[in-house]
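J.: Sharing a structure with you now.
Derivation of every value follows stated rules applied to the coordinates shown; laboratory data play no part. All of these numbers come straight from a predicted model, not from anything done at the bench. Cβ coordinates were reconstructed from backbone atoms using ideal geometry, including for glycine residues, and neighbour counts include every protein chain displayed.
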Amino acid sequence: MNMFKPTKAKTPEEYIKMIDEPRRTEIQKLYDFIKQTLPGEKPFILYGMIGFVPYHYKSSSGREGDWCVIALASQKNYISVYVCASNGKQYVAEKYKKDLPKTSIGKSCIRFKKTADIDLTVLKKVILDGVKTAKSSGFAL
């Protein structure tokens, strides 16, 4: 089951254009910020969100699929930044919970209403830590 809102967008730019204001401006700002933070990564659409740092996974049950380390999504009630990386003991996003007090953090998801609710300096650390952790664990190439 897909937990993300489906989109007809084929590119991140189309995805952003489909979002109503004032959220569109917020998503555009975060999209530009993530692109600047990860300059060598080409963003793409994956499961109704914008993904960065793709990887192919194979679970112990044999299930395979494509995913991303970092993702940005406009949900109904909030903005989500996903940092899909763990050191085996803790998800990267959870390590920064105390540094992001105006957000809701659950495992790999950082949720907030507007960019003013998140410290972009801390978000940059979370993103870079997530990519580093994923690459060192062999997830992202």
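J.: Leaving out same-chain residues fewer than 8 places away, which aspartates and glutamates sit with a Cα under 15 Å from that of Lys132?
T.: The reachable aspartates and glutamates, counting only those whose Cα sits under 15 Å from Lys132, are Glu41.
J.: So what is the relative contact order of the chain, in percent, for Cα pairs below 8 Å that sit 6 or more residues apart?
T.: 21
J.: Expressed as a whole number of Å, what is the distance separating the alpha-carbon centroids of region 106-133 and region 38-78?
T.: So the separation of the two Cα centres works out to 15 Å.
J.: Sort 50-56, 18-24 for me by packing, meaning the mean count of neighbouring Cβ atoms within 10 Å per residue, highest on top. Write out the running numbers ahead of the final one.
T.: Working: 50-56: 20.4, 18-24: 11.6.
Ranked from most to least packed, the peptides come out as 50-56, 18-24.
J.: If each DSSP helix of 4+ residues adds -39,500 (n - 2.57) and the sum is divided by the residues in the chain, what number results at 222 nm, nearest 500 deg cm²/dmol? Each step should come with its number before you reach the end.
T.: Working: 4 runs with 42 residues, N = 141.
For the chain, the value works out to -9000 deg cm²/dmol.
J.: Then there's this: For region 1-74, calculate the relative contact order in percent as a whole number, restricting contacts to Cα pairs under 8 Å that are 6 or more residues apart.
T.: Relative contact order of region 1-74: 29 percent.
J.: Moving on. Kindly list the residues of region 74-102 that lie in the label zone of Lys125, defined by a backbone N under 13 Å from the point 7 Å along the Cα-to-C-beta vector.
T.: Within reach of a label on Lys125: 93-101.
J.: Still on this structure, please answer the following. Too long at a 19 Å Cα-Cα cut-off: which of Lys89/Lys135; Lys42/Lys97; Lys10/Lys135?
T.: In this structure, Lys42/Lys97; Lys10/Lys135 exceed 19 Å between Cα atoms.
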